[in-house]
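The values are calculated or read from the model by the stated rules, or taken from the named source; none is laboratory data. Please read all numbers here as calculations on a predicted model, not as lab measurements. FYI the Cβ positions are ideal-geometry reconstructions off the backbone, even for glycines, and counts take in every protein chain you see. These accessible areas exclude ligands, DNA and RNA; they are computed on the full protein's heavy atoms, side chains included. Shrake-Rupley method; radii C 1.70, N 1.55, O 1.52, S 1.80 Å.
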Amino acid sequence: MTTERPGTPDTSPVPPETKDWTVVLEQGCPDCGFDPDYDVTTTGERARATVERWTEVLDRPGMTDRPRPGTWSPLEYACHVRDLCRVFRERLRLMLDEEDPIFADWDQDAAAVEERYNLQDPYEVSGELAQEVRATADAFDTVTEEQWTRIGRRGDGKDFTVAGFAAYFLHDVEHHLGFDVRA
């Protein structure tokens, strides 16, 4: 247990996520209600629709408070989504430009510690998150009908089509907003 002064954000490492979230691509998500059978051509539109709610999250009191041990604060989730957008946009670019690319690994838990997510400026994160979500939404808007079936792979061997990748991305953005930070 971390002992901290009142008002000091907890920066202790959160235990790594071990769940295989790719299950939401087949089963949906019982926690947030995500349905993977949506029209993937609306991914950009749906992602952009989260920006205002994320801005509201970062403007409320207690955004650095962790709701329970082992769970990120709303600020940490916002930083994660900001960085996730950058990673997914690069992976989408690879899927559209290369044949069957293998994605470089990204350790989201290490990123949270190294980048000190819970000490970042919420105002700056809000602007960066909005910019990254919009840029990633725009990237998904450029996918043509024949590109939705292109393939890419994570380092662990998990295959994604661009369509499945879009759903995986959108679930992450919407899940953290609706379920984890309750916005």
*With no solvent and one point per C-alpha, what does the Debye sum give as log10 I(q)/I(0) for the chain at q = 0.10, 0.15, 0.17, 0.18 Å⁻¹?*
-0.39, -0.88, -1.11, -1.24
*Hey, what number do you get for the chain at 222 nm if only DSSP H runs of n ≥ 4 count, each worth -39500 (n - 2.57), divided across all residues, to the nearest 500?*
-14000 deg cm²/dmol
_Radius 12 Å from Cβ of Leu94, net charge of other residues (Lys, Arg +1; Asp, Glu -1)_ = +1
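For an R0 of 35 angstrom, estimate the FRET efficiency from the Cβ-Cβ distance between Ala104 and Asp10 and round to the nearest 0.05. Walk me through the intermediate numbers first.
Values: r = 29 Å, r/R0 = 0.84.
In this case the efficiency is close to 0.75.
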_Can you compute the modelled spin-label distance between Asp159 and Asp97, with each label point 7 Å from Cα toward Cβ, in nm?_
2.4 nm
*May I ask you to order 89-101, 27-39, 132-144, 162-174 by the average number of other C-beta atoms within 10 Å around their residues, highest value first?*
162-174, 132-144, 89-101, 27-39
*Counting only protein heavy atoms, what percent of the accessible surface of the chain is carbon or sulfur at a 1.4 Å probe?*
47 percent
*Using a Förster distance of 22 angstrom, determine the FRET efficiency expected from the C-beta separation of Arg86 and Glu114, and round it to 0.05.*
0.90
*By average Cβ neighbour count within 10 Å, what is the ranking of 119-129, 59-69 from highest down?*
119-129, 59-69
*Projected onto the charge dipole of the chain (+1 at Lys/Arg Cβ, -1 at Asp/Glu Cβ, origin at the Cα centre), which of Leu170, Gly157, Pro74 gives the Cα projection farthest towards the positive end?*
Pro74
*Give, rounded to the nearest 20 debye, the magnitude of the charge dipole that the chain has about its Cα centre when Lys and Arg contribute +1 at Cβ and Asp and Glu contribute -1 at Cβ.*
460 debye
*asked:* Please list the three semi-axes, largest first and in whole Å, of the ellipsoid equivalent to region 98-183, using sqrt of 5 times the eigenvalues of its alpha carbon gyration tensor.
replied: 26, 17, 13
*Give, as a single signed number, the net charge of other residues whose beta carbon lies under 9 Å from the beta carbon of Arg82, with Lys and Arg counted +1 and Asp and Glu -1.*
-2
